1. Considering (1) buried (at least 19 other Cβ atoms within 10 Å of the Cβ); (2) modelled with pLDDT of 90 or more; (3) among the aliphatic types (A, V, I, L, M), say which one residue A:154 fails and leave the rest.
2. Within segment B:67-81, does at least one residue satisfy the condition of being part of a loop (DSSP other than H, G, I, E, B) and either more than 14 Å from chain A (Cβ to nearest Cβ) or at pLDDT below 70 (or both)?
3. Which condition does residue B:104 not pass, out of (1) at pLDDT below 75; (2) within 13 Å of chain A (Cβ to nearest Cβ), if it passes all the others?
4. Please count how many residues of segment A:273-307 are touching a strand residue (DSSP E or B) at 6+ places or on another chain (Cβ under 6 Å), assigned to a loop (DSSP other than H, G, I, E, B), modelled with pLDDT under 90 and on the phi < 0 side of the Ramachandran plot.
5. Mind checking which residues of segment B:142-174 are open to solvent by 30 Å² or more (accessible area, probe 1.4 Å), of a type in the set (A, V, I, L, M) and at pLDDT below 85?
6. Here are A:5, A:90: which of them is surrounded by 12 or more Cβ atoms within 10 Å (Cβ to Cβ), at pLDDT 65 or above and within 14 Å of another protein chain (Cβ to nearest Cβ)?
7. Any residue in segment B:45-59 that is within 23 Å of residue B:20 (Cβ to Cβ) and at the interface with chain A (Cβ under 9 Å from one of its Cβ atoms) sitting within a Cβ distance under 6 Å of a residue that is of a type in the set (D, E, K, R) and surrounded by fewer than 24 Cβ atoms within 10 Å (Cβ to Cβ)? List the pairs, counting only those 6 or more apart or interchain.
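The values are calculated or read from the model by the stated rules, or taken from the named source; none is laboratory data. Fair warning: this is a prediction, and the values are worked out from it, not measured in the lab. Positions of Cβ are backbone-derived with ideal geometry, glycine not excepted, and every protein chain shown enters the neighbour counts. SASA here: full protein model, heavy atoms, side chains in, ligands and nucleic acids out. Shrake-Rupley method; radii C 1.70, N 1.55, O 1.52, S 1.80 Å.
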Amino acid sequence: VNQEDSLRTEIHQALDAISGSTPELLPQIVQVLHPGTRRQPVRAVAQVAAVLGIGLVVGGVVFALHRSRVTPAAVTTSPTTLVVAGPGADIAWVTSQTVDRGDVVIGVDPTGRVVGRISAPVELRSPDGAHLYAIADGGVDVYSAVDGHKEQTIRLQSVSGNAHIPMLSPDGRYLAVVGGSPTTLPTMPWPLELVDLSTGRSVASITVGSPAYGTPVIAGAQAQHVYVIGGNTIAKLAFDGATLRVEQRTTNPPCNGLSVGGVNSAGGLPFRVLADGQTLVAFCPIDGRVTWFDLVRMRVTHEVVVSQKNPFWVSPIFSPDGNTLYLHEGGTGALHVVDLVRQTVVRSTKVAMADQNQLAWLGSLLVTPAYAGGIPRTAAVSPDGNWLYGVGAFGAPGGVSLVHLPDLGVKGRWIPDVSLGSVSVSADGLTIYLLAGDGNELRVLRTDGSQVAKLSLPANTYGFIVPTIP
Amino acid sequence: MEHAADPDLVRGAKRGAEEAFTSLLRPLLEPAYRLAAGMLQDRQLAEDAVQEAAVKAWRRIHQLREGTEMRPWFLGIVANECRTTRRSRWWGLLTIKAEPPSVEAPDEAAVRGIDLRSALKRLRPEQRLVVVLYFYLDLPLEEIATITNASFAAVRGRLYRGIRELKADFTISEAQA
């Protein structure tokens, strides 16, 4: 009896620690108890019989008319609200690598017309989509997203050479770059430089002692803090408007710490500073880990690992409000939805539609898909947050799956015969751009699925340069 | 058993009166949530399971005979929902609470709690259900038999085997006098 009482007490304590006090559940339950949710058995049987009967009739008609392919129902994904974006934000910019001219960036407008070419290694695009940035020869070149003309060059004080990792602030006003010089060894400290894009000048630089290849993350409306995250170190620097100062350095355990990638490290920028301004959420494409990092207390506060067959090929896409992270696995069509505020995976589902080979992901383990060095961006979210466009079937036809995000239902599929690698949606939500095949073909679609244009691109196309919103 | 369904409320609920149904449901939400939390060991999943179970109960209220007990009927639905929830987690979610580094020795009670929860997780679901209902919800074996749709002897056997496996995994201390 003593042991039973003791076990009862211990179980109460152990499970109370998990359950806590009982939450107020009734209001949510009452919300879903509308009359339509309850069916009388006789009525339900009648409904099932009616549906079956209708299904038999419809099935017979469809079978009789069946040709080679079922035409999908028309789905329109037009934005529900007017989205105001910067000039040129509706233009897609795609990067290709050429043998003779290096990186070439091509701009295509919603009619399928090529509006400009930039011969420079463009890496970033302003959050409003209006400007493109390339870092070369010790300067930041700023290009117009309307037609690709160079607007200005901002000289850098400390960073030179071609090895660098740049990042924008969430509002696009500042650009931070960690980079070496031609004489800098990878093991030597790299300087950090901060550029005010609104005034067009470099405002501060410092050699932080951070490891090479650290990624800079800017926080605060006036860039009050810049973090350099890389290797096993996180450096926190304060910016007072004129100078940068190391405020804190902490060791980042390599296996259980924060891992952020640069802008080209995954099929989408893999991190975001949340609306509270002090929480950084990062997706690690190596192990599929999602980490919440408190930028004030400088420590990991939470982690979630979503088991995926191959996280390296997962596209991390954030919702427009930054509160949700969608992890889309193009090869299998798996979609994991992470609520970044509640810090939990709220749903995992499959959004790929028929015709996909369920074992196609195995192919990626044996043969690296030929995406010409870029990680395919297999998902894009409409600016109103209502639709996710999912592509990618490891070379197999599959088209675009249209996922209605409020209920995560797959509502249709466009161009199902086409093998697609990357997708991008214009800032106004009215145009969907798709890279087909090995990336050497661009298709332009409207929100009703109709194809506006099909263009040929240079063979080695990296992918889209989408607005950089860290 | 203290949660016999009020016949008037049951009749009202069967006629579609949400107020009657919620009146029947209200006193059952706490044990339902504790059952789900004990089975799933996750607050959010537990909330979802209870909410889903409530919707199913509303749809099946016509199956509840007048004069029968409401609590075992509803807790049975919750237990089924917990089973479904566990089965549907095919993606293998692993949640890690990142604890801040501490220089203090870990709290012994907290460590025992973790060990006990782990031991409970290792039990077979039908054993864990009986253990949670008996030790955490403090229900009598007769009612547990109704909830699990099993005989009294079967429930007693599951409880016995569950305790034996817990003992193998976890040292149960003597209660203090």
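1. Result: residue A:154 fails condition (1) only.
2. Initial filter on segment B:67-81 (part of a loop (DSSP other than H, G, I, E, B)): B:67-68.
From the residues that got through so far, the ones that are either more than 14 Å from chain A (Cβ to nearest Cβ) or at pLDDT below 70 (or both) too are B:67-68.
Yes, there is a match, as at least one residue in segment B:67-81 is part of a loop (DSSP other than H, G, I, E, B) and either more than 14 Å from chain A (Cβ to nearest Cβ) or at pLDDT below 70 (or both).
3. With respect to (1) at pLDDT below 75; (2) within 13 Å of chain A (Cβ to nearest Cβ), residue B:104 is out only on (2).
4. 1
5. Passing the criteria: B:153, B:154, B:168.
6. Working: A:90 fails: within 14 Å of another protein chain (Cβ to nearest Cβ).
Only one candidate passes the filter, namely A:5.
7. Partner pairs satisfying both residue conditions: B:58/A:38; B:59/A:38.
Okay, residues lined up against (1) outside any strand (DSSP E or B); (2) among the basic types (Lys, Arg); (3) touching a His at 6+ places or on another chain (Cβ under 8 Å); (4) modelled with pLDDT under 85:
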site	(1), (2), (3), (4)
A:326	no, no, yes, no
A:335	no, no, yes, no
A:354	yes, no, no, yes
A:361	yes, no, no, yes
A:383	yes, no, no, no
A:388	no, no, yes, no
A:403	no, no, no, no
A:413	no, yes, no, no
